[in-house]
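Q: Below is one structure. I have some questions about it.
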Amino acid sequence: MIDYNAEDRTFDCPPSLNDEQVVDFCRDGYLLLRGVVPDETNRRTLDWLNGERPAEPVAIPPGMTADDLQRIRDSHEPSSIFLEEWFLRDVLLNEQLVGVMRSLLGCSVQLPVLASHHGTQCPQPAQGWHHDADRVFGPELNYVEVFYFPQDTPIELGPTELVPGTHMRHTSRRAQEGGLFSDGPAGTLGIHHQSILHRRGASTASGMRHMLKYNYWRTRPPQRDWIHQREFDERTAHFGGHEQARFAAHMYYWLCGRGDAFRTHGGQAWPWRSANQIGPSPGFAPSAGYRPDWSGSRPDGYAP
């Protein structure tokens, strides 16, 4: 059940991610929901973006006019699509998506206010690998980005390509190195940390590839109120390997409302782990130790 507040454009609903899935997002920085938006809504979105469907906003925001909404529609940031009832219902408040956002951003999640339209006439070469402008590397998760593909987007049509785990620090990658594709049928939603390394993939097919990008926002302090697993144990959770686990664990701590308490001893101490060890990593949840250097400015990778 989704409780939508039209006045401040926030929603609440039950969380859908469990402890392990939240850890997965902290470690990898992405989730992919393939084909979850209804086909009719995908067709309406394409018609709206192509100017073949009239605008029918549910309301005109204060201080704006119908002319303002038309100007916005005709720009590369067609945010007025958020005011279409069918888009609000089936895309922004998509039943599978909102549970994820509720898990990562807490209750009273604020809906997006700005859309970016990435329309590409294919075929095209791949973009260069990049972190988006204004990226922030740190344990805080105050917003989550979504890519919406309203048409079938196989690899041949150049879906977004990303590199899991690169939302933690600035990362360089050679053009010939590949990543993970956000390919899928029409109605696919890619959910990821805004700072993750990504690019538009190379396309070999012909046609227009549409993609809308927007952010959901936190409005409440973080706390561990997603689905609890009785068998989940922070001591043995898979936060990743060397140069990764301490960052993912710090982000998980922050999402639990304990970000300031995170410390580690480094080396083979918790939260690093290997499938070949014969017991939990020592040094779980120390009261003194080190925090990861999210700025990447220190050679040992730990904050002073």
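Q: For L92, state whether it is among the aliphatic types (A, V, I, L, M) and under 16 Å from the mean Cα position of the chain (by Cα).
A: For L92, the condition - among the aliphatic types (A, V, I, L, M) and under 16 Å from the mean Cα position of the chain (by Cα) - is met.
Q: Go through region 181-206 and give me each residue that's over 13 Å from P150 (Cβ atoms) and over 14 Å from the mean Cα position of the chain (by Cα).
A: F181, D183, R199, R200, G201, A202, S203, T204, A205, S206
Q: Looking at region 115-146 only, could you name the residues that are under 21 Å from L104 (Cβ atoms) and aromatic (F, W, Y)?
A: Scanning region 115-146 gives F137, Y143.
Q: Report yes if some residue within region 30-40 is over 26 Å from E161 (Cβ atoms), surrounded by 15 or more Cβ atoms within 10 Å (Cβ to Cβ) and of a type in the set (V, I, T); otherwise report no.
A: Within region 30-40, none of the residues are over 26 Å from E161 (Cβ atoms), surrounded by 15 or more Cβ atoms within 10 Å (Cβ to Cβ) and of a type in the set (V, I, T).
Q: Turning to a different aspect of this structure: Within region 223-243, track down each residue that is touching a residue at least 60 places away in the same chain (Cβ under 8 Å), surrounded by fewer than 17 Cβ atoms within 10 Å (Cβ to Cβ) and of a type outside the set (D, E, K, R).
A: Those that are touching a residue at least 60 places away in the same chain (Cβ under 8 Å), surrounded by fewer than 17 Cβ atoms within 10 Å (Cβ to Cβ) and of a type outside the set (D, E, K, R): Q223, I227, H228, Q229, F232, H238.
Q: Being surrounded by fewer than 16 Cβ atoms within 10 Å (Cβ to Cβ) and not hydroxyl-bearing (S, T, Y) is the filter; apply it to region 208-222 and report the residue that is farthest from the chain's Cα centre (by Cα).
A: This residue is M208.
Q: Something else about it: Is region 118-127 home to any residue that is touching a strand residue (DSSP E or B) at 6+ places or on another chain (Cβ under 9 Å), modelled with pLDDT of 95 or more and closer than 30 Å to D300 by Cβ?
A: no
Q: Could you run through region 7-23 and say how many residues are free of Cβ contacts under 8 Å to residues at least 40 places away in the same chain and either surrounded by 16 or more Cβ atoms within 10 Å (Cβ to Cβ) or not assigned by TED's automatic domain parsing to the domain that holds C107 (or both)? Step through it out loud before you land on a result.
A: Filtering region 7-23 down to residues free of Cβ contacts under 8 Å to residues at least 40 places away in the same chain leaves 7.
So of that shortlist, the ones also either surrounded by 16 or more Cβ atoms within 10 Å (Cβ to Cβ) or not assigned by TED's automatic domain parsing to the domain that holds C107 (or both) come out as none.
Of the residues in region 7-23, 0 are free of Cβ contacts under 8 Å to residues at least 40 places away in the same chain and either surrounded by 16 or more Cβ atoms within 10 Å (Cβ to Cβ) or not assigned by TED's automatic domain parsing to the domain that holds C107 (or both).
Q: Could you check, for region 1-20, whether at least one of its residues is within 26 Å of I155 (Cα to Cα) and among the aliphatic types (A, V, I, L, M)?
A: No, region 1-20 contains no residue that is within 26 Å of I155 (Cα to Cα) and among the aliphatic types (A, V, I, L, M).
Q: A further question follows. Among the candidates V146, V136, V113, single out the residue that is within 27 Å of R9 (Cβ to Cβ), of a type outside the set (D, E) and crowded, with 21+ Cβ neighbours inside 10 Å.
A: Values: V136 fails: crowded, with 21+ Cβ neighbours inside 10 Å; V113 fails: crowded, with 21+ Cβ neighbours inside 10 Å.
Criteria check complete, one pass: V146.
Q: I need a count of the residues in region 65-97 that are within 17 Å of R9 (Cβ to Cβ) and either part of a helix (DSSP H, G or I) or outside the structural domain of P150 (by TED's automatic domain parsing) (or both).
A: Total satisfying the criteria: 16.
Q: Further, regarding this structure: Could you go through region 55-64 and let me know if any residue there is assigned by TED's automatic domain parsing to the domain that holds P112, at pLDDT 95 or above, in a helix (DSSP H, G or I) and of a type outside the set (V, I, T).
A: No: region 55-64 contains no residue that is assigned by TED's automatic domain parsing to the domain that holds P112, at pLDDT 95 or above, in a helix (DSSP H, G or I) and of a type outside the set (V, I, T).
The values are calculated or read from the model by the stated rules, or taken from the named source; none is laboratory data. Just so we're clear, the structure is a prediction, and the values are computed from it rather than from any experiment. For neighbour counting, all protein chains shown are included, and Cβ atoms are generated from backbone atoms with ideal geometry for every residue, glycine included.
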